1. Taking Thr302, is it free of Cβ contacts under 8 Å to residues at least 40 places away in the same chain, of a type outside the set (Asp, Glu) and either open to solvent by less than 20 Å² (accessible area, probe 1.4 Å) or farther than 30 Å from Leu493 by Cα (or both)?
2. Give the residue, chosen from Glu344, Glu305, that is over 26 Å from the mean Cα position of the chain (by Cα) and of a type in the set (Asp, Glu).
3. In segment 229-269, which residue that is of a type in the set (A, V, I, L, M, F, W, C) and open to solvent by 10 Å² or more (accessible area, probe 1.4 Å) is nearest to Arg178 (Cα to Cα)?
4. Just one of the numbered conditions (1) over 24 Å from Phe453 (Cα atoms); (2) within 23 Å of the chain's Cα centre (by Cα); (3) open to solvent by 10 Å² or more (accessible area, probe 1.4 Å) is not true of Thr594; which one?
5. When both residues are 6+ apart or on different chains and their Cβ atoms are under 6 Å apart, which pairs have a first residue that lies in segment 238-254 and is modelled with pLDDT of 95 or more, and a second that is among the β-branched types (Val, Ile, Thr) and not in a helix (DSSP H, G or I)?
6. Need pairs with beta-carbon distance below 6 Å; first residue farther than 18 Å from Val490 by Cβ and within segment 340-367, second polar (S, T, N, Q) and not in a loop (DSSP other than H, G, I, E, B); sequence gap 6+ or separate chains.
7. Within segment 504-532, track down each residue that is in contact (Cβ under 8 Å) with a residue 24 or more places away in the chain, closer than 22 Å to Glu344 by Cα and out of contact with any Phe, Trp or Tyr (no Cβ under 9 Å at 6 or more places or on another chain).
8. All but one of (1) open to solvent by 20 Å² or more (accessible area, probe 1.4 Å); (2) closer than 27 Å to Asp276 by Cα; (3) under 30 Å from the mean Cα position of the chain (by Cα) hold for Leu207; state the number of the condition that does not hold.
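The values are calculated or read from the model by the stated rules, or taken from the named source; none is laboratory data. Small disclaimer: the values here were computed from a predicted structure and weren't measured. Heads up, the Cβs are rebuilt from the backbone with ideal geometry, glycines too, and the neighbour counts pull from every protein chain shown. Just the protein is used for accessible areas: all its heavy atoms, side chains included, with ligands, DNA and RNA removed. Shrake-Rupley method; radii C 1.70, N 1.55, O 1.52, S 1.80 Å.
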Amino acid sequence: MELTRRDWIAGAAATTLAAALPARAQTGAPTASAADKAAEATLSQIAEAMLVDSPEGASGLGIDTGARAALKGQLGDRSAAGQRAIAEHLRAHAATLKGIDIAPLSPTTRTNIDVVKTAFETALDGFALPYGDVAVGGWRNTPYVVIQNVGAYLDIPRFLDSDHSIATRADADAYLARLDSYATQLDGETARVRAASARGVVPPDFLLDKTLKQMTQSLAGDPASWDVVTSLTRRTRDIPGDWGAQATAIARDRVKPALERQLAAVQDDRKKATSDAGMWARPDGDAWYRWGLRASTTTTMTPDEVHAMGRDELARLQSQMDVILKGLGYSKGSVGERMTALGEDPRFTFPEGDAGRAQIMELVQNRLRDIRARMPRAFNTLAPGNVEVKRIPVVEEAGAPGAYGGPGSIDGKVPGKMWINLRNTGIWTRYSLPTLTYHEAIPGHVWQGEYSFRLPLIRSLLQFNAFSEGWALYAEQLGDELGAYEGDPVGRLGYLQSIAFRACRMVVDTGLHAKRWTRQQAIDWFASTNGSSVDEVTGEVDRYCSWPGQACGYKVGHSEINRLRDRAKTVLGRRYDFKAFNDAVVQGGGVPMTVLGRNVDAFIAGRKA
């Protein structure tokens, strides 16, 4: 998730996105036609219906107030019946959108409808599959309802602590209602796990081992000491009431038994599991993977095409790395072997333990300050970049990715987050952290997400993996183009290795799911080819096993953004403007790759005019 920082530094004339964003329509915009108003009203109604299906989205955006206040005490229904209801709602929404005459609509409204229709149609194809979990307008599609990085046992405690704000008694009561619903959602998932198992859909044994470890850790200790209890206790100190005691009772009497039932279901799956890593070994696995790849790339590329593209991109990137490595005196062995040696150099590693973790956090904060100052050189219109850096909860670390990030609430009261995995400091090197920061925070996921807050609400609810991850890689590229690595060849190596890492992902993901690679084969190839640590790529490979196709969206999206930029440069010549192009891409919001192409066509036409 890497974003570029080019124009972050200079622009005194650059404007800043309004921090108070209740006014989503930009002032000075042309008056909308009656047709546009009717279409946008329909989209608004659909957005409200989506929030009812997924109330967590309202809390994440900080809009669970006023007419939406009831949503604050609810969670999305994770049962099979709940998922069928969501699919039915999507079918009705898609039919409504299909009935809209687009001929009289403005290009902006047409784009909004196109984006929503694409998200819904893709999700409906996923719901038509016989098993799995579908992210409507999201990126976390998985064949496994509960696994090392998926499930209520991970999602809901983190959500309650990070996204459920508490300022009043009503907020605390809503927290308790959600805590009670947490048990219900666990049981809904457990029934789906058992149903999938009856179909022969059992995750690989190595994923189940991680899952069992994490679930056992979630159940450890007195429920009064669990995070879901202490989070409420800590945040209601100034609100009269026995909040801690009520939360403890729910955790003990409702949540713990539900977690134990889910643990038993996962234990039963473990008895049946094999070490076969890919979707090829699951019933209807080839069809599931084709859909997962399409959903994640918003293209129709085949596994073979994605695999070949990954190898081609890797060769191109490593040819650049080879020149820098030779200049540093690393001339023997493959690029991967030389990067492995560089990663073991004590100058670029961190001490183990809390001292090393503190150094990692300090380095990330330093890079955030630096890249923020560079943003006016890359954008005419700036986002707030409201972000905090947090450690991934310890209970999640074993199954979590190295890092992830996203924007906060629309009103800015809840900052965006850059979550970083600190299970051990050997995952990171000093030259890998700058580009990681650009990817996850500024101008990456947090930065890009804030622009979506100025679009109609439904556009804030929908994401496209290839765009968001492609933009995040482009954000890493911007860091390089803005001079973040001037005089720092090792830092630039870290940037190139990061992009190459995403090319490796394409090879490994398709290798696992379409070419029958084993887990160990994938780990060995990844570590030796890219020079990443075995510990880091082991977690990565396991992630690809549980999110088939997702890892391929990064480089596909990044390459498409650059292809479109090159086209704009060629067509426009001297009229091409770097900052204006970046604005056009990021302000267009998350879109499928086809829509991104049309957005850039409009940018080119506008510059010509």
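1. yes
2. After applying the criteria, what remains is Glu344.
3. Ile250
4. Here Thr594 meets the rest and fails (1).
5. Trp243/Thr236
6. Going by the 6 Å Cβ cut-off, the qualifying pairs are Glu352/Thr425; Gly356/Thr425.
7. If the condition is that a residue be in contact (Cβ under 8 Å) with a residue 24 or more places away in the chain, closer than 22 Å to Glu344 by Cα and out of contact with any Phe, Trp or Tyr (no Cβ under 9 Å at 6 or more places or on another chain), then Ala527, Ser528, Thr529, Gly531 are the ones that fit.
8. For Leu207, the exception is condition (1).
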